[in-house]
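Novice: Below is the structure I would like to discuss, written out as structure tokens.
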Amino acid sequence: TPFQEEKIPELLRKHARLELQMRNDIYSTYHLYPPPELSEIKTTVVYPATEKHLRKYLRQEVHLVRETWEDYRNITLPFIQSQSFSLQWVYNILEKKAEADRIIHENPDPRDGFVLVPDFKWNQSQLDDLYLIALVHRRDVKSLRDLTGEHLPLLRNILREGQEAVAERFGVPGSRLRVYLHYQPSYYHLHVHFTALGYEAAGSAAERAHLLADVLDNLALDSRYYQRRALTCALRADEPLLAKFREAGRL
Ligand code: G7M
């Protein structure tokens with residue numbers, strides 16, 4: 001995680017042990033051992049983890065697939081119905097059984113409402129890597145692929161209310177935020193990512209991120225836009241879905 005500015009003087013002054021590695025003229029390099037209270041490592045534990053979790057966190061090369069609507073219907077959809085991650089953590093947030101004290105904003109409408117919480121990748125200590133997610137209340141929208149003109153009010157609420165809530169709570173204006181959806185997502189319950197614009201979060205690259213403002217425009221132009229066009233997705237080499245595309249001769 002990024003350094004917190006106010007902690008830097010302490011890091012340089014306080015008890016930090018320095019071991020010289022090499023010195024040359026005006027240049028030198030050291031090992032620095034910060035005191036324990038300044039050397040926190042943000043840690044996420046998944047227990048018990050499934051095979052799919054293990055794969056997600058292993059380093060792997062990725063391949064791009066162009067998924068047509070027919071591919072989605074014939075290959076992707078049956079696959080995600082048979083083996084996607086459990087959504088229990090999402091339902092826990094929506095039902096206030098977990099992370100209730102972390103909620104930044106809620107629109108309680110069952111159709112057009114959502115909950116905005118800090119993503120668990122963000123420790124909330126500094127704004128450089130600000131990261132929140134908006135989880136929709138309705139449970140019948142799996143991903144970008146399911147979106148139609150019917151969802152415009154919901155998506156507009158997320159963009160407007162989400163930006164307002166982040167500006168109010170964290171002082172970061174909408175013009176400094178990247179608001180986007182993943183395709184493919186890891187979790188097939190519609191959610192929207194809010195990250196600091198200056199932060200290149202994993203999954204904010206062109207092959208995975210779809211800006212919510214662009215999604216809104218596409219749906220306003222054509223209600224069935226996301227059921228008509230091919231979508232690029234980056235699939236890990238060890239991902240069973242990639243094997244399915246290969247078997248179907250689509251790679
Ligand atoms: O779009 P995709 O499905 O890849 O992203 C899901 C997002 O949800 C990621 O950014 C995760 O870091 C975040 N996330 C995953 N889990 C299991 C949790 C959780 O339990 N709590 C919170 N707050 N965020 C999570």
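The values are calculated or read from the model by the stated rules, or taken from the named source; none is laboratory data. Nothing here was measured: the structure is a model prediction, and the numbers come from that model. Glycine also receives a Cβ, built like all others from the backbone with ideal geometry; neighbour counts cover every protein chain displayed. The area values use the complete protein model at the heavy-atom level, side chains included, leaving out ligands, DNA and RNA. Shrake-Rupley method; radii C 1.70, N 1.55, O 1.52, S 1.80 Å.
Novice: Which of the residues spanning region 110-123 are loosely packed, with under 14 Cβ neighbours inside 10 Å and either at positive phi or modelled with pLDDT of 95 or more (or both)?
Specialist: PRO110, ARG111
Novice: Would you check if LYS96 is within 15 Å of the ligand (Cβ to nearest atom), charged (D, E, K, R), without any contact (Cβ under 8 Å) to a residue 40 or more places away in the chain and in a loop (DSSP other than H, G, I, E, B)?
Specialist: Against the criterion (within 15 Å of the ligand (Cβ to nearest atom), charged (D, E, K, R), without any contact (Cβ under 8 Å) to a residue 40 or more places away in the chain and in a loop (DSSP other than H, G, I, E, B)), LYS96 qualifies.
Novice: Do we have any residue at all in region 55-71 that's polar (S, T, N, Q) and within 24 Å of the chain's Cα centre (by Cα)?
Specialist: Yes, region 55-71 has at least one match.
Novice: Something else about it: Kindly indicate which of ARG208, ARG228, ARG178 is over 15 Å from the mean Cα position of the chain (by Cα) and either of a type in the set (D, E, K, R) or at pLDDT below 95 (or both).
Specialist: ARG228
Novice: Suppose we filter GLU19, GLU40 for residues that are surrounded by 10 or more Cβ atoms within 10 Å (Cβ to Cβ) and not in a helix (DSSP H, G or I); which single one remains?
Specialist: Being surrounded by 10 or more Cβ atoms within 10 Å (Cβ to Cβ) and not in a helix (DSSP H, G or I) holds for just one of GLU19, GLU40, which is GLU40.
Novice: Further, regarding this structure: Within region 43-80, how many residues turn out to be modelled with pLDDT of 90 or more, open to solvent by 70 Å² or more (accessible area, probe 1.4 Å) and within 21 Å of LEU251 (Cβ to Cβ)?
Specialist: Residues meeting the conditions: 7.
Novice: If you don't mind, another one. Among the residues of region 130-147, how many are away from the ligand (no atom under 12 Å from the Cβ) and either on the phi > 0 side of the Ramachandran plot or within 15 Å of the chain's Cα centre (by Cα) (or both)? Walk me through it before giving the result.
Specialist: Initially, region 130-147 is screened for residues away from the ligand (no atom under 12 Å from the Cβ), giving 130, 136-141, 145-147.
Remaining after also requiring either on the phi > 0 side of the Ramachandran plot or within 15 Å of the chain's Cα centre (by Cα) (or both): 130, 136.
So the answer is 2.
Novice: Within region 111-120, is there a residue that is assigned to a helix (DSSP H, G or I) and more than 11 Å from the ligand (Cβ to nearest atom)?
Specialist: no
Novice: In region 62-88, what residues are without any contact (Cβ under 8 Å) to a residue 24 or more places away in the chain and within 12 Å of the ligand (Cβ to nearest atom)?
Specialist: Selection gives SER86, GLN88.
Novice: Further, regarding this structure: Only one of these is basic (Lys, Arg) and over 22 Å from GLU207 (Cα atoms): LYS52, LYS56, LYS42. Name it.
Specialist: LYS42
Novice: Looking only at region 22-37, how many residues end up being open to solvent by less than 100 Å² (accessible area, probe 1.4 Å) and not in a loop (DSSP other than H, G, I, E, B)?
Specialist: Number of matching residues: 8.
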